[in-house]
Amino acid sequence: MQKKKEGKVSGSRICKVIHMKKVSWRQNFFLCLGLLVQLFLLVDCTKKSELRRSIPKSSNGEEPPSSSQLRLLIQDRYVVMDNGLLQVTLSNPQGSVTNISYNGTNNLLEYRNEEDNRGYWDLVWNPANSSGKGTFNKILGTSFKVIMEDENQIELSFTTTWDYSVGDKSVPLNIDKRFVMLQASSGFYSYAIYKHLEGWPDFNMEETRIAFKLRKDWFHYMAISDHRQRIMPMPEDRATGQPLAYPEAVILTNPTNPELKGEVDDKYQYSCENQESRVHGWISFDPPIGFWMINPSDEFRTGGPVKQDLTSHVGPTTLSMFISLHYAGEDLSMKVRDREHWKKVFGPVYIYLNSAFDDEHVLSLWDDAKNQMLTEVQNWPYSFPASDDFLSYDQRGIVTGQLFIRDRFVEEEDIPADSAYLGLAPPGDAGSWQTEHKGYQFWTRADSDGSFLINDVRPGDYNLYGWMPGFIGDYKYDVNITINPGSNLSLGHIIYEPPRHGPTLWEIGIPDRSAAEFYVPDPKPEYINRLYLSNPTSNDKVAAPVDKFRQYGLWERYAELYPLQDLVYTVGLSDYSKDWFFAHFNRNIGNNTFQSTTWRIIFQLDNMDRNLNKTYMLQLALASASNCELQVRFNIPDVDPPHFTTKLIGRDNAIARHGIHGLYWLYNIEIQSDWLVIGENVIFLTQSRHLSPFQGVMYDYIRLEGPSS
C-alpha cells in the first residue's frame, strides 16, 4: 500500500506534443490515439496506486496530505479539531463527539441521533447505601479548555466537577475528558481522569466506557478478529425480531438482508477477553471506510487479561469498556469506601479511520487496522498526553524474573513456566487480581524458559501474581513490590508450588481456567448464528471451532441430550471432549420450571490406605459459577448435609452471555477414608439451585489425588 509518485498527462500537454511535430493527418491520428492510450494507462496506474495507498502516513509511511496543518475552530456551541484529513466536532462545553468527517465524507456518526448520543463517555453508578439498579449517566462536561495547540498536537479538556450541594443526585467524581489530535494522524485519541476526593461520599461504579454510534446506512460489516467478522443486521431488524430469554437476544424474523433471516443476534456473542480485544470496529462499503477502536494497553481495565467484555455490536456501535460487571458480577463493582481519595486515568484509546479506493478491496482495511494496532501497542506508553496524571515511559519501571513450577509428582526437577501469566496488581490475596477494580494492572506471558519482563509499570505498591496453564491454583510472590520512576527490579529465580496433596489417580479436563476442551453441542437450528458454524452457508469467514460455545440457547440442549438421566462419566472409558458437557445446567421440565441435576463420576480403587493420617484429595476447579451451589457427595447420593458444598457462589452469568469462562474458583476437598471403598466408587456432583436456566457451573478441571507417600 505504498504510494508511488505518478506523472500526469493533461489535454494541453497532448496538444503541445502534436503541434511540435510536422506530421500528416494520419500520423496525427495515430499519435493522438497512442497518447490517449498512455493517458488511460497512467490514470489506471494512479487508481491502483490510490488503492495501495488508502490511508495516510500514520500507518504506512506515506507523505501526509498537503493540507495537513492542524487547525482548531472554537465556536459558541462547538469545537472542531482538523488536520486536513480528519475533522472532529465536539459539543462545547459537554465534550460529546457530534461529527467525525473523514477523507471528504460528511459525518460518520449517526447524525439522526441526538448530539449527545453519537460519541460519548458514560458510567453506571449508585450511592454506597443503595441496593437498587445503578443509574446510567452520560459524562457531560460543564467547562471547556484548550490544553495544547501547536503544529503537532491539539489537546482539549472537557471537565465536570462534583457539587457537594447535589448530594447523591450526581456521581461524586471530578472527571476530565481529553481529546487529542496529532498532525498527519488518521484518527484521534481520547482519555479521561476520574478523581474522588477525600471526604466525598462513598459510591459504587458498575460500568464506565467510551462509545461511538455510527451511521447505520453506511456501516454494515463488523470485524472483531480474523475469524469473527461478517455483515451484521440493522437495528430495525432487531426491533422487529422475536424476543428471546433476555432483551439482548432476538431471532431476526424479517431482516433487511434476507440472508440473515432466522439467525439470532446478541451483542454478547461478540465479547472478547481483554488480552484479545486490541482492535475491533466497522467497515462501510460505500463509501469504503473503516472505523476502528484500538486499545493499546490493558493497564487501565479491570479484572486482568482474561476478563471478558463487550466490543462492537449492532447499532452499529463500537465500545471501549474500562469497568464492567460483565462475566464477573458484583465482585467487579468498583466500591469507593471510607471517603477515600481515588484517582485513575482511563486510556488513551485510539479511534482510527482508514479508507480504500473502492469496495473491491475494502476488507483489506481490517488488515491495515491490525497493523495500526501493532504500531499503537509498540508506542505505549504514549509520550504526547499533556496531563501529568498520564505517565510517560521514563516515569515508569520494569520488573523481570524467571518462574519455575515445582511439582514433584510431575517432574523431579523444577519446570520452566512456559507461557505462564505474570502480572503486577494492587496488593491482595493470591488470585485477588481477577476482582481488583480500582488500580492498574500490568501483565505479560513468560518465555519458554519461564523468563518474563513486565515493563511500563506505573510507580506504586504491587503484588506479583500469576498462574500457569496446565497447573491449578494461583501464584503470589511473597514480598510486596514497590515501583519507583525508572526502577529496574530483578526478582531472579522464583518458584510456584501448585496445590498438591498426593499422586494423581485420575483427572478430567485441562487446568486452563476454561471449559473449552469439553463437549459443546450444536445449537438448535432455530437459534443459530452462522458466524459460529463450522461451515457457514453465507460468504462469511469460517469461525474458529472453539467459538461454538458462543451460540445462543445451548443450555436447552442438555435436557434434550440427557432426557431421562443425568451425565455419567466413567474414568478410563469416557472421553471428556465427548462425554463431559461444557456446563452443568438445570433440566427444563416445562412450564418455565427447572430441576436440579446430579452428575456422576464413576472410578475404581484397587486398593486403599486406611491409615487415618493418610487422606485423599479432590481438586475441583471451576471456570464459571452463576448463582449456583455445587454439592459434592462420595458414594452416598442422598447424604445430608453433603460431604462438601460451595454454598451459593458466583454472579458471572457466563452461561447466558456465551462465555466459556467467568471467574476462577478452586476447591481442595479433603476426603475422609471411610467415604471411599475398594472397587467401584461414585462421586455425585449436584447443582442444587434451580430457579432459572442460567444457574450453573462450568468445570475447568477435576483431579483425584491419592495419599502422599
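The values are calculated or read from the model by the stated rules, or taken from the named source; none is laboratory data. All values derive from a computational prediction rather than experimental measurement. Using ideal geometry, Cβ is built from the backbone for each residue, glycine included, and neighbour counts are taken over all protein chains shown. What goes into the accessible areas is simple: the full protein's heavy atoms, side chains included, and nothing from ligands, DNA or RNA. Shrake-Rupley method; radii C 1.70, N 1.55, O 1.52, S 1.80 Å.
Checking 494, 472, 483 one by one, the residue that is of a type in the set (A, V, I, L, M) and more than 30 Å from the chain's Cα centre (by Cα) is 494 and no other. Here is the figure for the range 342-372: residues that are in contact with a Gly (Cβ under 9 Å, 6 or more places away or on another chain) and not aliphatic (A, V, I, L, M) total 8.
Residue 246 falls short on exactly one of the conditions (1) surrounded by fewer than 21 Cβ atoms within 10 Å (Cβ to Cβ); (2) of a type in the set (Phe, Trp, Tyr); (3) part of a strand (DSSP E or B), and that condition is (3).
Quick grid of which residues meet (1) out of contact with any Pro (no Cβ under 9 Å at 6 or more places or on another chain); (2) part of a strand (DSSP E or B); (3) at pLDDT 95 or above:
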residue: 297; (1), (2), (3): no, no, yes
residue: 343; (1), (2), (3): yes, yes, yes
residue: 350; (1), (2), (3): no, yes, yes
residue: 367; (1), (2), (3): yes, no, yes
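Within the range 578-610, if we keep just the residues that are among the small types (Gly, Ala, Ser) and surrounded by 14 or more Cβ atoms within 10 Å (Cβ to Cβ), the residue that is farthest from residue 661 (Cα to Cα) turns out to be 596.
Within the range 377-384, the presence of at least one residue that is closer than 21 Å to residue 446 by Cβ, assigned to a helix (DSSP H, G or I) and either open to solvent by 10 Å² or more (accessible area, probe 1.4 Å) or at pLDDT 95 or above (or both) is confirmed. Looking across the range 85-109 at every residue that is open to solvent by 20 Å² or more (accessible area, probe 1.4 Å) and in contact with a Leu (Cβ under 8 Å, 6 or more places away or on another chain), the one that is farthest from residue 177 (Cα to Cα) is identified as 103. All of 166, 171, 180 fail the test of being farther than 24 Å from residue 656 by Cα, modelled with pLDDT under 95 and either assigned to a strand (DSSP E or B) or of a type in the set (A, V, I, L, M, F, W, C) (or both), apart from 166. Quick one: would you say residue 262 is touching a residue at least 60 places away in the same chain (Cβ under 8 Å) and closer than 25 Å to residue 106 by Cα? For residue 262, the condition - touching a residue at least 60 places away in the same chain (Cβ under 8 Å) and closer than 25 Å to residue 106 by Cα - is not met. Of all residue pairs spaced 6 or more apart or on separate chains, those with beta-carbon atoms under 6 Å, a first member in the range 488-502 that is touching a residue at least 40 places away in the same chain (Cβ under 8 Å) and farther than 17 Å from residue 454 by Cα and a second member that is open to solvent by less than 40 Å² (accessible area, probe 1.4 Å) and assigned to a strand (DSSP E or B) are 495/404; 496/405; 496/475; 501/617; 501/705; 502/705.
Of all the listed residues (203, 219, 212), the sole one being aromatic (Phe, Trp, Tyr), open to solvent by less than 10 Å² (accessible area, probe 1.4 Å) and closer than 17 Å to residue 349 by Cβ is 212. Inspect all residues belonging to the range 342-349 and state whether any of them is under 30 Å from residue 127 (Cβ atoms), out of contact with any helix residue (DSSP H, G or I) (no Cβ under 7 Å at 6 or more places or on another chain) and open to solvent by 40 Å² or more (accessible area, probe 1.4 Å). Within the range 342-349, one or more residues are under 30 Å from residue 127 (Cβ atoms), out of contact with any helix residue (DSSP H, G or I) (no Cβ under 7 Å at 6 or more places or on another chain) and open to solvent by 40 Å² or more (accessible area, probe 1.4 Å). Surrounded by fewer than 20 Cβ atoms within 10 Å (Cβ to Cβ) and in contact with a Gly (Cβ under 7 Å, 6 or more places away or on another chain), is that true of residue 407? The answer is no for residue 407. Does residue 122 fit the bill of being closer than 23 Å to residue 322 by Cβ and of a type in the set (Asp, Glu)? Yes, satisfied. The residues of the range 188-210 that are outside any strand (DSSP E or B) and at negative phi, listed by number, are 197, 198, 200, 201, 202. Return the residues of the range 628-644 that are in contact with a Ser or Thr (Cβ under 8 Å, 6 or more places away or on another chain) and either closer than 23 Å to residue 512 by Cα or buried (at least 21 other Cβ atoms within 10 Å of the Cβ) (or both); say none if nothing qualifies. Listed by number, the residues that qualify are 628, 629, 630, 631, 632, 633.
In the range 111-119 there is no residue matching the filter, namely being within 23 Å of residue 69 (Cα to Cα), touching a Ser or Thr at 6+ places or on another chain (Cβ under 8 Å) and of a type in the set (Lys, Arg).
So that you can scan it fast, the table gives a plain yes or no per residue for (1) of a type in the set (A, V, I, L, M); (2) in contact (Cβ under 8 Å) with a residue 60 or more places away in the chain:
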position	(1), (2)
665	no, no
675	no, no
686	no, yes
691	yes, yes
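Among the conditions (1) of a type in the set (Val, Ile, Thr); (2) open to solvent by 30 Å² or more (accessible area, probe 1.4 Å); (3) in contact with a strand residue (DSSP E or B) (Cβ under 6 Å, 6 or more places away or on another chain), residue 435 misses just one, which is (3).
Could you list, in sequence order, the residues of the range 560-573 that are touching a strand residue (DSSP E or B) at 6+ places or on another chain (Cβ under 8 Å) and either open to solvent by 20 Å² or more (accessible area, probe 1.4 Å) or of a type in the set (Ser, Thr, Tyr) (or both)? Those that are touching a strand residue (DSSP E or B) at 6+ places or on another chain (Cβ under 8 Å) and either open to solvent by 20 Å² or more (accessible area, probe 1.4 Å) or of a type in the set (Ser, Thr, Tyr) (or both): 561, 562, 566, 568, 569, 570, 571, 572.
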